[in-house]
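The values are calculated or read from the model by the stated rules, or taken from the named source; none is laboratory data. Not measured: the values here are computed from a predicted model. Positions of Cβ are generated from backbone atoms using ideal geometry, with glycine treated the same way; all protein chains shown enter the neighbour counts. Ligands, DNA and RNA are stripped out before the accessible areas are found, and what is left, the full protein with its side chains, is counted by its heavy atoms. Shrake-Rupley method; radii C 1.70, N 1.55, O 1.52, S 1.80 Å.
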Amino acid sequence: MAVYDTNNIFARILRGEIPCKKVHEDEHVLAFHDIHPQAPTHILIIPKGAYVSFDDFSAKATPEEITAFTRAVGAIARENGLAPNGDGGGYRILTNIGNNGGQEVPHFHVHLFGGRKLGRMIAKD
Ligand code: AMP
């Protein structure tokens, strides 16, 4: 399993060394706007614990951390007006894992996209 790099950019955001546009913070979770948004709403949600990816988080995080993270993702979507609403609303969550997954920052994060129709699934290339 991958070793956690304590100098990755999200670790530095968690330590307050780099600013972020924060949208949510609690005991276990931080969420902030992506610096290069790919949808009208593009929020990154990260656990405060040192987990490399979802692979790492799903294997090692405590039940309390997993519950807090899952609850936070849903709450942040609702708080930002993205919840499904009749024929409108709705959003996508995505997490890239490792090399084939295209993960660039080695601290587990979920992308939350919304605010427009997002198309089907993933790019073909
Ligand atoms: P991934 O490819 O899933 O690892 O996604 C990393 C994401 O982090 C990309 O969408 C970047 O735009 C975003 N990102 C990188 N640096 C920052 C930063 N300092 N603040 C906010 N988002 C960032």
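May I ask you to derive the relative contact order of region 9-59, considering only C-alpha pairs under 8 Å and at least 6 residues apart, and to give it as an integer percent? The partial results should precede the final answer.
Working: 50 pairs, mean separation 12.8, N = 51.
It rounds to 25 percent for region 9-59.
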Taking 4-16, 64-76 and ranking on average Cβ neighbours within 10 Å, highest first, one gets 64-76, 4-16
Calc'd 3J(HN,Hα), region 23-34, phi into Karplus 6.51 cos²θ - 1.76 cosθ + 1.60 (θ = phi - 60°), Hz, glycine/Pro = x, comes to 10, 6, 8, 9, 4, 10, 9, 10, 9, 8, 6, 5
Taking protein heavy atoms only, a 1.4 Å probe, and rounding to whole percent, the accessible area of the chain owed to carbon and sulfur comes out at 52
When all Cα-Cα pair distances of region 4-51 are considered, the percent exceeding 17 Å is 32
Percent of all Cα-Cα pairs per 10 Å bin for the chain, counting from 0 up to the last occupied bin, reads 12, 44, 35, 8, 0
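So what is the relative contact order of the chain, in percent, for Cα pairs below 8 Å that sit 6 or more residues apart?
RCO, the chain: 29 percent.
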Once both label points are put 7 Å beyond Cα along the C-beta direction, the T70-H36 separation in nm becomes 3.2
Here FRET efficiency (C-beta to C-beta, D87 to D26, R₀ 35 Å, nearest 0.05) is 0.65
With only helices counted (DSSP H, runs n ≥ 4, each -39500 (n - 2.57)), the per-residue ellipticity at 222 nm for the chain, to the nearest 500, works out to -7500 deg cm²/dmol
